[in-house]
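Structure first, then comments.
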Amino acid sequence: MNTIEKNLFDIRYMDTLASKNTSLHRLDPRAKLITTLMFIAMVVSLGKYEISRMIPFIIYPMVMIISAELPFLYLLKKMILVAPFAILIGIFNPLMDTTPLVHLGSVSITGGWISFFSIMMRFSLTVSAALILISMTGFNGVCMALEKMGVPQPFVVQLMFLYRYLFVLIEEGAKMLRARSLRSFDSKGLGFKYFISLLGQLLLQTLDRAQRIHLAMCCRGFDGHIPINRPMKFGYKEIRFVLIWSFIFILTRSYNLPVKIGEIIAGIL
Amino acid sequence: MHMADALLSPAVGGTMWAATAGLIVYCSKKVREDLDEKKIPLMGVIGAFIFAAQMINFTIPATGSSGHLGGAMILAILLGPYAAFLTMASVLTVQALFFADGGLLALGCNIVNMGFFPCFICYPLIYKTIVKGRLTPKWITTGAIISAIIGLQLGAFSVVLETFFSGISALPFSHFLLLMQPIHLAIGIVEGLTTAAVVIFIWKSRPEILQPSISVVQGPGPDQEYSIKKVFIGFAAAAIIVGCGLSWFASAHPDGLEWAISKTTGMEELGAPQKNLYSSLTAIQEKTAFLPDYGFKTTKENPITDTKKAWPAVDSGTSVSGLVGGLLTLCLAIFIGFIIKRKKTGQTA
Amino acid sequence: MSHHIVQADNLNYTYPDGTIGINNISFKITHGESVALVGANGAGKSTLLLHLNGCLISTQGEISIGDYPLNKKNIKAVRRSVGMVFQNPDDQLFMPTVFDDVAFGPINLGLPENQVEQRVTHALETVGATHLINRPPYKLSGGEKRAVAIATILACSPDILVMDEPSSNLDPLSRRRLIKLLKSFEHTKIIATHDLDMALDVCQRTIVLHKGKITADGPTISIFNDEELLARSGLEKPLGMQECPICKKNNPKNQILFYNKKPR
Ligand SMILES: Nc1ncnc2c1ncn2[C@@H]1O[C@H](COP(=O)(O)OP(=O)(O)O)[C@@H](O)[C@H]1O
Ligand SMILES: [Mg+2]
């Protein structure tokens with residue numbers, strides 16, 4: 001029961017972050033969505049041993065977190081929560097791939113360790129990009145952007161309904177669980193039988209609710225089309241945002257900046 | 001299990017995205033055309049239910065672990081494949097955005113793994129064949145368990161394939177397979193049991209919901225069965241075309257060619273008969289160690305032939321400069337961030 | 001103004017599972033009337049209300065809005081003139097923001113953009129919720145949700161307002177505000193409730209339902225003074241008309257009402 005309430009709190013909190021009013025929040029959601037997708041594509045297109053080229057990409061999440069006033073530690077915590085799968089699969093790399101790749105004096109680092117770090121970096125970069133997108137755009141913003149960009153309406157409407165009733169249903173589920181745990185004095189976990197009847201009840205309620213919502217929609221002239229058009233402006237600011245960041249991404253993708261810098265330093269010394 | 005961005009190459013991720021996008025467009029068209037408009041709010045609200053249900057765990061006796069509902073099968077039973085696919089896709093989208101489950105690039109993979117297989121393979125081909133309209137606890141349970149197991153096996157296999165073709169993880173194909181499939185057998189049984197139990201609960205308390213003719217929710221009619229085949233063929237064709245296209249595109253660049261080679265060498269490994277576990281294990285290990293890659297490419301672009309021999313050790317000079325440069329870049333990035341922060345607080349103050 | 005008449009003739013509805021929702025209901029409500037539909041839980045109030053704009057189609061008998069019986073052909077027009085506020089505002093507020101939700105009806109009516117905006121602002125002003133316009137519905141309090149739900153209906157400018165338990169789940173202050181709001185409407189109103197105090201405040205006429213049947217139909221005051229009738233219908237005299245339990249004095253309202261009571 002803790003998880004369900006924690007999750008609700010979590011979604012609520014992300015939603016609050018999205019309702020801040022920084023210049024990044026005000027940007028057209030499409031600009032942010034495009035930039036995020038481009039960022040992810042650039043990061044994952046790097047080879048598995050290329051950690052040095054991946055480092056400069058940190059600039060994007062960092063600038064976003066600071067300019068959109070997002071809580072860094074909170075996002076970090078969320079990232080760590082989903083890390084296990086990447087770690088679990090990534091950790092096999094050091095075990096399987098033992099070719100030494102880099103020699104630093106007498107120490108040699110194997111390809112496996114390098115690719116493991118690369119997996120972890122990819123993971124942090126891509127996950128943070130997604131979390132940042134949602135916390136500076138909001139879910140409905142992303143949905144609107146999807147609709148404007150040609151995603152079929154039934155799917156977008158679906159997403160919006162899902163998000164809207166997420167709050168209601170999680171609350172209902174949490175209530176049922178709370179009621180149950182108040183009456184179960186042996187602190188054993190939820191048994192299968194009760195679990196099923198709880199889910200079944202919740203599902204029946206959901207179906208009834210869906211019917212009532214449909215009625216409420218019909219009462220206001222619903223004929224299959226849901227108006228979700230919101231005026232959006234892809235103006236100068238948006239173009240600038242997308243262009244500047246794509247320039248940075250392409251630059252960091254095609255030149256190995258850290259090595260270049262390192263060489264310059266080495267040349268100076 | 002969610003596929004993650006970190007293990008995915010753009011070619012694989014892109015292919016799955018394209019396939020998913022095609023499916024979403026097709027299903028949206030289907031839902032708009034064939035099914036009545038009542039379903040639109042219904043789908044959204046049931047999606048929210050699945051989302052909430054996934055957060056409620058029950059304890060599996062004597063194991064100390066817990067299980068929960070996965071959802072795709074029950075969606076397919078309640079909504080029919082097209083609407084169920086859209087709903088599952090939206091559940092996964094919300095998860096990717098809010099809980100960073102998987103990630104955005106991997107979203108295509110996850111929608112295929114957890115949405116396509118249950119909705120378009122297991123539900124029409126297995127569940128419906130087994131149940132055949134015999135809505136009794138026995139048949140519902142049998143159908144749900146078998147299709148959930150197969151659905152999860154297919155999904156897990158697909159995760160393995162996607163990981164393998166991406167070539168980021170060094171985990172050999174066979175090992176990963178041996179790791180994933182048994183875990184998902186257990187998950188599949190739990191999923192099948194919960195799905196069956198919930199469906200039976202609904203059937204007992206409100207049978208009309210599962211009766212296609214009267215209810216708001218309904219599966220596809222007989223004429224729609226045929227188009228499932230079309231979905232499948234279309235999906236396979238799209239995946240092949242996009243996959244080939246992307247790898248062709250990728251091979252236009254030296255990096256991409258390495259990727260393509262790694263794929264073919266990987267294919268050979270797949271096809272090779274395994275004599276015994278140890279010898280094949282070492283063979284695989286060697287192969288994966290040779291896995292051609294873009295590598296710690298520092299100065300000049302390296303010819304493809306590099307991939308044939310062992311990876312040339314990068315000379316220590318460049319590695320040191322890489323390391324120093326990396327650290328410096330990091331400092332620089334943090335410095336830039338610091339400046340922005342200063343500027344921002346200056347503004348607001 | 002005969003088109004605001006609501007008339008039911010021998011209305012019957014049985015749910016698919018065999019539960020009897022309403023049983024032989026007949027009444028006639030004329031223009032501008034404000035009618036309370038009271039009854040215990042499960043009396044059939046919601047079932048009856050759902051018939052008023054064709055959400056449920058009676059198994060027997062018919063309902064007329066204006067001079068014509070409701071049927072498939074005129075259902076759209078009827079829904080335009082009968083605005084229905086559902087019991088649970090969560091079922092009614094399904095759009096991402098308050099604005100979208102209030103605009104949903106006017107847009108579906110095919111109004112041009114500037115008129116839609118005008119309607120939205122006006123409806124929100126009426127219920128005093130203008131400041132909520134950009135909020136998502138899940139971030140509203142119970143009272144705010146109710147107010148917005150009413151605004152979504154007002155924006156369609158209906159002639160007849162139908163409300164299902166509008167005062168349930170409201171704190172005293174929000175309830176008071178709601179009552180004031182309802183009193184200010186000049187629409188024909190049909191309000192299902194078991195909040196008899198509210199009914200007393202807002203409605204001159206009351207229809208009592210019990211187990212799907214009408215047990216009384218008349219002036220609110222005389223019905224609420226008939227304790228035996230109320231008890232029979234599973235209800236209790238409104239607090240505002242009961243003897244004060246502390247000072248043991250009769251409520252002044254009660255005394256006036258007492259004289260008004262018709263001999264039975
Ligand atoms: N969807 C339904 N299916 C079956 N029976 C129902 C349904 N909705 C309501 N009922 C039954 O119809 C009767 C009247 O319910 P309702 O109109 O909701 O009462 P009220 O609104 O006065 O509390 C009750 O006995 C209730 O159990
Ligand atoms: Mg009711």
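For the reader, a short list of remarks on this structure follows.
- For the range C:148-193, the set of residues classified as free of Cβ contacts under 8 Å to residues at least 60 places away in the same chain, among the hydrophobic types (A, V, I, L, M, F, W, C) and not in a helix (DSSP H, G or I) consists of C:Ala155, C:Leu170, C:Phe185, listed by residue number.
- Tabulated pairs, the range A:18-40, first more than 16 Å from A:Ser246 (Cβ to Cβ), second polar (S, T, N, Q) and surrounded by 17 or more Cβ atoms within 10 Å (Cβ to Cβ), C-beta under 6 angstrom, 6+ apart or interchain: A:Ala18/A:Ser135; A:Leu24/A:Ser67; A:Pro29/A:Thr137
- Single condition A:Asp223 does not satisfy, out of (1) in a helix (DSSP H, G or I); (2) over 21 Å from A:Ile40 (Cβ atoms): (1)
- Boolean, C:Ala155 is within 16 Å of ligand 2 (Cβ to nearest atom) and within 10 Å of chain A (Cβ to nearest Cβ): no
- Meets criteria (outside any helix (DSSP H, G or I), away from chain A (no Cβ under 14 Å) and either away from ligand 2 (no atom under 16 Å from the Cβ) or not aromatic (Phe, Trp, Tyr) (or both)) for C:Leu48: no
- Flag if A:Ser135 is within 8 Å of chain B (Cβ to nearest Cβ) and either modelled with pLDDT of 85 or more or in contact with a helix residue (DSSP H, G or I) (Cβ under 9 Å, 6 or more places away or on another chain) (or both): no
Listed here are the residues, each with its yes/no results for (1) more than 7 Å from chain B (Cβ to nearest Cβ); (2) within 23 Å of C:Arg79 (Cβ to Cβ); (3) modelled with pLDDT under 85; (4) more than 16 Å from ligand 2 (Cβ to nearest atom).
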| site | (1), (2), (3), (4) |
| --- | --- |
| A:Leu162 | no, no, no, yes |
| A:Phe195 | no, no, yes, yes |
| A:Leu204 | no, no, no, yes |
| A:Arg209 | no, yes, no, no |
| A:His214 | no, yes, no, yes |
| A:Met217 | no, yes, no, yes |
| A:Phe234 | yes, no, no, yes |
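- Test: residue in the range C:169-188 that is crowded, with 23+ Cβ neighbours inside 10 Å and modelled with pLDDT of 90 or more: yes
- Test: residue in the range A:61-75 that is within 27 Å of B:Lys343 (Cα to Cα), touching a residue at least 40 places away in the same chain (Cβ under 8 Å) and of a type in the set (Asp, Glu): yes
- Residue match in the range B:106-119 (condition: touching a helix residue (DSSP H, G or I) at 6+ places or on another chain (Cβ under 8 Å), surrounded by fewer than 23 Cβ atoms within 10 Å (Cβ to Cβ), closer than 19 Å to B:Ala156 by Cα and more than 14 Å from chain A (Cβ to nearest Cβ)): yes
- Residue among A:Asn2, A:Asn21, A:Asn7 that is at pLDDT below 90 and away from chain B (no Cβ under 11 Å): A:Asn21
- Count - residues of the range A:41-50 that are touching a residue at least 40 places away in the same chain (Cβ under 8 Å), part of a helix (DSSP H, G or I) and surrounded by fewer than 24 Cβ atoms within 10 Å (Cβ to Cβ): 1
- Within the range C:1-43, considering residues that are of a type in the set (A, V, I, L, M) and without any contact (Cβ under 8 Å) to a residue 60 or more places away in the chain, the one farthest from ligand 2 (Cβ to nearest atom): C:Met1
- Test: C:Gly18 is modelled with pLDDT of 90 or more and either within 13 Å of ligand 1 (Cβ to nearest atom) or among the basic types (Lys, Arg) (or both): no
- Some residue of the range B:148-160 being within 21 Å of A:Ile91 (Cβ to Cβ), surrounded by 17 or more Cβ atoms within 10 Å (Cβ to Cβ) and without any contact (Cβ under 8 Å) to a residue 24 or more places away in the chain: yes
- Set C:Asp171, C:Asp195: member being of a type in the set (Asp, Glu), away from chain A (no Cβ under 13 Å), closer than 23 Å to C:Met241 by Cβ and within 16 Å of ligand 1 (Cβ to nearest atom): C:Asp195
- Any hit, the range A:88-108, residues being modelled with pLDDT under 80, more than 7 Å from chain B (Cβ to nearest Cβ) and closer than 15 Å to A:Ile51 by Cα: no
- In this structure, B:Thr163 does not qualify as touching a His at 6+ places or on another chain (Cβ under 8 Å), crowded, with 18+ Cβ neighbours inside 10 Å and within 12 Å of chain A (Cβ to nearest Cβ).
- If you check C:Glu125, C:Glu117 for being more than 16 Å from ligand 1 (Cβ to nearest atom), more than 14 Å from every other protein chain (Cβ to nearest Cβ) and surrounded by fewer than 18 Cβ atoms within 10 Å (Cβ to Cβ), only one passes: C:Glu125.
- Subset of the range C:200-220 [within 19 Å of C:Thr30 (Cβ to Cβ) and either touching a Pro at 6+ places or on another chain (Cβ under 7 Å) or away from ligand 1 (no atom under 14 Å from the Cβ) (or both)]: C:Val202, C:Cys203, C:Gln204, C:Arg205, C:Thr206, C:Ala216, C:Asp217, C:Gly218, C:Pro219, C:Thr220
The values are calculated or read from the model by the stated rules, or taken from the named source; none is laboratory data. Just so it is clear, the model here is predicted, and its values are computed rather than measured. Because the Cβ atoms are built from the backbone with ideal geometry, glycine has one as well, and the counts that use them run over all protein chains shown.
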